[in-house]
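The values are calculated or read from the model by the stated rules, or taken from the named source; none is laboratory data. In this text the structure is predicted, and so the values were computed from the model without any measurement. Neighbour counts run over all protein chains shown; Cβ positions are idealised from the backbone, glycine included. The accessibility values were calculated without ligands, DNA or RNA, using every heavy atom of the protein model including side chains. Shrake-Rupley method; radii C 1.70, N 1.55, O 1.52, S 1.80 Å.
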Amino acid sequence: MLTVILLDCALEIVPSEISSFKDIQKQAGRKGKKPNEILLDQTYHGRAMTKLDKSDRRGRPDIIFHSLVTLLETPLCKEGLLRVYLHLQDKRVVEINPEVRLPRNYDRFVGLMEQLLIEKRVPVEGEPLLEITRRTLTDLLSKLKEEHSGTTTILAIEGGKRTGVQDFRDLLPDDASVPVVVGIGAFPHGDLSEDIKQLFDLHLELDREVMMAWHVCAEVLWIYSERIDVIRRRYS
Ligand SMILES: C[S@@+](CC[C@H](N)C(=O)[O-])C[C@H]1O[C@@H](n2cnc3c(N)ncnc32)[C@H](O)[C@@H]1O
């Protein structure tokens with residue numbers, strides 16, 4: 001079982017400090033919403049965002065979109081061998097039901113995330129497909145480790161142990177019942193905090209240059225899928 005945690009996701013509702021900015025009011029108006037009902041997005045709110053603390057790591061919902069469409073609905077996911085969580089910059093953790101079919105269209109994805117952040121779950125009634133939990137990242141990792149004593153936790157990070165594809169593959173358990181947790185940053189710039197880094201057993205660098213979060217997601221997903229031979233399982 002592979003668990004991917006997208007860390008410090010650049011996904012949030014427009015904060016009140018900048019909700020009175022004209023650009024933001026206008027964009028919200030075009031969507032028939034209030035400023036505090038729309039996602040913060042550097043593409044549209046770049047000027048207002050200069051007023052925000054740590055603005056260079058916020059307002060990039062597209063990173064979460066590309067990462068999720070890379071991970072979900074893959075053969076590994078269809079086999080029930082993938083779990084995905086979002087860790088938000090306000091420290092809340094979102095649980096994603098692996099059966100969710102995300103919109104293919106980015107604007108519809110944005111609408112879904114707005115609903116999630118406002119209502120705390122999607123859909124509002126019935127079995128949740130996306131839900132903001134009461135867990136912290138520490139709780140989540142402890143729970144995942146408690147489920148299986150052999151759980152390995154890996155952080156994909158620049159400056160970690162230089163790891164080629166073959167070495168990465170060999171580090172992963174070939175027994176699908178042994179869980180592996182991989183943390184990947186889902187923000188555009190800056191570093192992960194020491195508090196987050198120390199929660200993971202291994203720190204691995206997967207290329208000498210910085211990679212897009214969704215490329216790291218793709219590499220992790222497919223190397224793990226190959227390691228446990230998921231496609232052959234699906235034919236047998
Ligand atoms: C665009 S980067 C975030 C930028 C940031 N400079 C950083 O150090 O995390 C997105 C995430 O992809 C992963 N990543 C990017 N390049 C990597 C690399 N060369 N090796 C391993 N993971 C990488 C990390 O988890 C990183 O947080």
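Listed highest first by mean packing, meaning other Cβ atoms within 10 Å per residue, what order do 89-95, 54-60 come in?
Numbers: 89-95: 16.7, 54-60: 19.0.
Packing proxy ranking, top to bottom: 54-60, 89-95.
In the stretch 84-211, what percent of the accessible surface is made up of carbon and sulfur (1.4 Å probe, ligands and nucleic acids excluded)? Display every interim value, and only then the final one.
Details: 3210 of 7060 Å².
Exposed carbon and sulfur together represent 45 percent of the surface.
Given a cut-off of under 8 Å on Cα pairs at least six residues apart, what relative contact order in percent is computed for the stretch 16-57? Could the numbers behind the result be given before it?
On the way: 28 pairs, mean separation 17.7, N = 42.
Dividing the mean separation by the residue count of the stretch 16-57 yields 42 percent.
Can you tell me which of 137-144, 20-27, 160-167 comes out highest on packing, and rank the rest after it, using the mean Cβ neighbours within 10 Å? Before the final figure, lay out the partial values.
Details: 137-144: 16.1, 20-27: 14.2, 160-167: 12.8.
Highest-to-lowest ranking by the protection proxy: 137-144, 20-27, 160-167.
What is the sum of charges, Lys and Arg at +1 and Asp and Glu at -1, for the other residues whose Cβ falls under 11 Å from the Cβ of F21? If you can, show how the numbers build up before the last one.
Numbers: positive: K22, K26, R47, K51; negative: E17, D23.
Around F21, the charge tally is +2.
Setting aside same-chain residues fewer than 8 positions from K33, which lysines have a Cα under 18 Å from its Cα?
K22, K120
Compute the length gained on full extension between K197 and E99: take 0.36 nm times their separation in residues and subtract their Cα-Cα distance, giving the result in nm to one decimal. Before the final figure, lay out each step's value.
Details: separation 98, 0.36 × 98 = 35.28 nm, distance 2.94 nm.
Gain in length upon complete extension: 32.3 nm.
Pull up the DSSP beta bridges for the chain and report the antiparallel fraction as a percent, rounded to 5.
Details: 10 of 31 bridges.
Counting only bridges with both partners in the chain, antiparallel ones make up about 30 percent.
Under the definition of Cα pairs under 8 Å and six or more residues apart, what whole-number percent is the relative contact order of the stretch 71-214?
On the way: 178 pairs, mean separation 30.1, N = 144.
After rounding, I find 21 percent.
Let's test the formula: R0 of 35 Å, r as the Cβ-Cβ distance of S177 and E205. What FRET efficiency results, to the nearest 0.05? Numbers along the way, then the final one.
Working: r = 28 Å, r/R0 = 0.80.
Calculated value: 0.80.
How large is the accessible surface per residue of the stretch 79-207, computed with a 1.4 Å probe and reported in Å² as a whole number? Provide the component values of the computation, followed by the final result.
Working: 6780 Å² over 129 residues.
Roughly 53 Å² per residue, with all protein chains present.
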